[in-house]
Amino acid sequence: MEKLLRLTAWKTNGIRPYGLFHLAFFIIGIIVCVFLSNKLKNISDKKNDKLLFFIGLFLLVIEIYKQLFYFYIVNNGHYDFSLFPFQLCDIPMYFCLIIPFIKKESVKQNMYNFLVSYNLLGAFITFFEPSALIRPYLTMTIHGFLWHIILVFIGLYLAVSKRGLKKKEDFIASSKIYVLLCSLALILNFALKNVSMGKMNLFYLGPSISPIIIFSDISSKFGWFTNMIVFVLVMTFGAYLVYMFFYNIDKVKLYAKEKLLKENS
């Protein structure tokens, strides 16, 4: 296994935030996401389930590769708990894998709402502050960029196919899921604090210092609890802006359609 992984351990130091690779990948990726989202927006629910499941399966495969790569190549047989796969941007992998097997439509709908709002927000934020995506190894850098552009596609696809954020109550439902996941992440952070030697910081809530710009300063100056409250509120507000964007686009389209019908009648 280790020998196989070493064949893909290509080191690189030429990739920079807002450099050619970053900007080209982001721009081309967005174009592809928009194109595919519109191309697939009218597929049946059965095909939708298959699409999301295979996306989740692909994410699972490359996540296993990433975990093995860091364990054997980067950390010489030691597990890095900072890579524990339960961050905000890991959740779509789990949701995509289980959505096809959920029979209750209201539960499915709430998961769609979360993937459109909080998932899409998290993916976009990462591209605007890409330092966490750029690694010393080319394969890990590609992994990070590819992972997050797939998350952008999931959010856009569910939005334009009208499967997520269709009414005002949907944002509240997605926020409840976010709070639930934050609670679980915080419990794991405390439960595994000693085992991880303080490295585990799921959802960047604490008690470890947040690695995110601005929030790391808040953590250092005012403590992890204050940072957690501010971070959750900022993320919720950001997700609300995403919700308002798609909700208002639909209202504008509906208004334009009604106006056109009146003019032609």
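Some notes on this structure:
- Just checking the listed ones, 20, 121, 202: in the Gaussian network model of the chain with Cα springs under 10 Å, the one fluctuating most is 20.
- Amide H contacts under 5 Å for residue 137, placed H, 5+ residues apart: 12
- Taking a ≥ b ≥ c as the square roots of the eigenvalues of the alpha carbon gyration tensor, segment 1-107 is oblate, as a/c is not under 1.5 and a/b does not beat b/c.
- Most positive-pole-ward Cα, 165, 210, 236, against dipole of segment 2-264 from beta carbon charges: 165
- The chymotrypsin sites (Phe, Trp or Tyr not before Pro) found in segment 17-89 that occupy coil by DSSP, while having at most 11 further C-beta atoms within 10 Å, are 18.
- Using a cutoff of 8 angstrom between alpha carbon atoms and counting only pairs six or more residues apart, the relative contact order for the chain works out to 23 percent.
- Between amide H atoms placed 1.01 Å from N, distances below 5 Å from residue 210 occur with 219, all of them 5 or more places distant or on a separate chain.
- Unit Cα scatterers, Debye sum, the chain: log10 I(q)/I(0) for q = 0.09, 0.13, 0.17 Å⁻¹: -0.45, -0.93, -1.51
- For segment 117-194, the extents of the C-alpha atoms along the principal axes are 44, 36, 16 Å, listed from largest to smallest.
- Every helix of 4 or more DSSP H residues in the chain counts as -39500 (n - 2.57), and over all residues that averages to -22000 deg cm²/dmol at 222 nm.
No value in this document is a laboratory result; all are computed from the given coordinates. None of these values were measured; they are calculated from a predicted model. Neighbour counts are summed over all protein chains in view; Cβ atoms, including those assigned to glycine, are modelled from backbone coordinates with ideal geometry.
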